[in-house]
1. Mind sorting Leu72, Leu34 by how few other Cβ atoms lie within 10 Å of their own Cβ, fewest first?
2. Please give the contour-minus-distance gain from Ala73 to Lys250: 0.36 nm per residue of separation, less the Cα-Cα distance, rounded to one decimal in nm.
3. Mind listing the long-range amide H neighbours of Thr206? Cut-off is under 5 Å, sequence gap 5 or more, other chains count too, H placed in the peptide plane at 1.01 Å from N.
4. So what are the ³J(HN,Hα) numbers for region 232-246, from phi and the Karplus equation (6.51, -1.76, 1.60; θ = phi - 60°), rounded to whole Hz, Gly and Pro as x?
5. Let's test the formula: R0 of 35 Å, r as the Cβ-Cβ distance of Ile216 and Val93. What FRET efficiency results, to the nearest 0.05?
6. Provide the packing ranking of 230-241, 101-112, i.e. peptides ordered by the mean count of other C-beta atoms within 10 Å per residue, highest first.
7. Relative contact order of region 75-249: what whole-number percent is it, with Cα pairs under 8 angstrom and at least 6 residues apart?
8. Whose amide H sits under 5 Å from the amide H of Arg218, counting only residues 5 or more places off or on another chain, with H placed in the peptide plane?
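Just so you know, all these numbers are worked out from the coordinates, no wet-lab data involved. Being a predicted model, the structure only gives us computed values, none of them experimental. Positions of Cβ are generated from backbone atoms using ideal geometry, with glycine treated the same way; all protein chains shown enter the neighbour counts.
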Amino acid sequence: MKIRGDIMHKLFSRLPTKKGSLSLSINAIVVLILAITMLGLGLAFIRNLFGGAVGKLQDIYAGLSEEDKTTLAASQDEITLLQSDLKVSGREVQVPFALRNIRADKIGLRIRKNFYCFDAIGVPKTGTPTNQLANNVLNQIYLGQAGGVVSVDTAKIETDLKSQNGLTLPTTPWITFLTYDDRDLPQAKSDVLPLTVRVAAGAPPTTYSCAFAPVIIRAVDSASRFSSISPGATGFDIYATKYFNIVYSK
């Protein structure tokens, strides 16, 4: 009888007790609550990050005068800025611009990633890798020289704009741009959009040569469907190019 009792004791002693099961359940609940909390915080951060940027752009657009909106919307050009020289005093300025679809069908344009500043007038274009000024201006492959005058090779720039790699630009540019990522435009329609121009703290006060070259990423295909475009051998097709200056003063 004692042997049988010992065997039964060993068998039942290996089974989980009610206390152990309860402890395991509480731990699982705590882990689940922590996981849900962290997920919620992550989603809230992402929503605030992107929602804040979009909200600011909407505020900029709402602040535009009706006269400016009318002038931009009435333009028949592919790209319209109110001034060819954008003046920035301080660290940033808000300016509107307009896109107009002059193609035969509806198109979608990539916008934000196609603003470039490629020259700072009066800033040395040559120097050692430690020269901070030289490292923040146009790569020398885009410069040409005729009659002792250094000029920007816009043909080389536009060729590289079409490629998937884009321009060879500084990793820490002096001028950056904030606007919508992309936009769809029906045929013969204009869209007035906000734009924030930001100047880095270390940028020298001078005039910067810049360009805006949106590319076509969606269009009506042969089956009359509006669909995405895959880049060809030379990349995407540039819809239009607008050259302008940013006149910066601190």
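1. Values: Leu72 22, Leu34 10.
Taking fewest neighbouring Cβ atoms as first place, the list is Leu34, Leu72.
2. On the way: separation 177, 0.36 × 177 = 63.72 nm, distance 3.19 nm.
Result for the pair: 60.5 nm of gain on full extension.
3. It is Tyr248, by chain and number.
4. So the J values, rounded to whole Hz, are x, 4, 9, x, 7, 7, 6, 6, 6, 10, 10, 9, 8, 10, 10.
5. On the way: r = 28 Å, r/R0 = 0.81.
With a Förster radius of 35 Å, E is 0.80.
6. On the way: 230-241: 14.1, 101-112: 17.9.
Peptide ranking by packing, descending: 101-112, 230-241.
7. 36 percent.
8. HN-HN under 5 Å from Arg218: Gly108, Ile229.
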